Amino acid sequence: MASAMGPGAVPIDMRVVNLAPDAMLFMTVHNFFPTVFANYSGILSATGSGKAQINILNQASMIGLEIYSAFITINLAAPSAIGQVSQSTSFKITP
């Protein structure tokens, strides 16, 4: 799982992850703030599901921010070791 402050196109093999290559993407990919971006990496359940969450800080400056998120799965049998690449989805922080 990874998040960014906007949409973009980060290339992965012949596909793209639709997230902006910004500081938030870097921080979430490298797990810099695991208490804020919780369960952003891990192993899927037997049914193929996983659960990640963003613990949003209680600060007025956060209101109105739009966050985009997407995920990839690892498949060591695939030529690039990347299995699935999701579309991005977004949400806006409201009071």
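Some notes on this structure:
- Computed on the chain, with alpha-carbon pairs under 8 angstrom and 6+ residues apart, the relative contact order is 29 percent.
- q = 0.22 Å⁻¹: log10 I(q)/I(0) that the Debye formula gives for the chain, counting C-alpha atoms only: -1.23
No value in this document is a laboratory result; all are computed from the given coordinates. Quick caveat: nothing in here was measured; it's all calculated off a predicted structure.
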